[in-house]
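Okay, structure first, notes after.
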Amino acid sequence: ATAPDPLRALALHHVEKLAQRWKAAVPALDASWEPPEVADALQGVEALERVGVGHAPLKMECREYAAKIKDARGERAAARDFLGADCRRPNQTEPDPQRRAARCRGATSALV
């Protein structure tokens, strides 16, 4: 169900205001950021884009940072650092190691 137009417009207005506040609060990567913080920033940028507010500079900085981490530490380490997933360790949701590795590669590629 969709809200009536006046209510929907008001909700969108508040979401856009909140998105602009987040964008102002997170203008660029900080040198002290770790991979999980960069992943959070990328998720924030994605949320901004979904409501029509772009943040291209931060998105590009995050992508460059993620690529550097991937190049320096390798794909498995990047998955572990950014997603908290170790592709070599078995888990309960995906016992097949080949499928688990494929899923980690897919998630890492989507992030990086």
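Out of all the residues in the range 34-54, which are in contact (Cβ under 8 Å) with a residue 12 or more places away in the chain and open to solvent by less than 60 Å² (accessible area, probe 1.4 Å)? Across the range 34-54, the qualifying residues are P35, V38, A39, A41, L42, G44, V45, A47, L48, V51, V53. In summary, L10 fulfils each of the numbered conditions (1) part of a helix (DSSP H, G or I); (2) at pLDDT below 85; (3) surrounded by fewer than 16 Cβ atoms within 10 Å (Cβ to Cβ) with the single exception of condition (2). Taken over the range 1-55, residues that are of a type in the set (F, W, Y) and more than 24 Å from R80 (Cα to Cα) amount to 1.
The test for being open to solvent by less than 50 Å² (accessible area, probe 1.4 Å) and at pLDDT 80 or above holds for L58. Looking across the range 13-33, the residues that are surrounded by fewer than 13 Cβ atoms within 10 Å (Cβ to Cβ) and within 30 Å of R73 (Cα to Cα) come down to A25, P27, A28, D30, A31, S32.
The values are calculated or read from the model by the stated rules, or taken from the named source; none is laboratory data. Given the structure is predicted, the values throughout are model-derived calculations rather than measurements. For neighbour counting, all protein chains shown are included, and Cβ atoms are generated from backbone atoms with ideal geometry for every residue, glycine included. Calculation scope for accessible area: heavy atoms of the full protein, side chains included, ligands and nucleic acids excluded. Shrake-Rupley method; radii C 1.70, N 1.55, O 1.52, S 1.80 Å.
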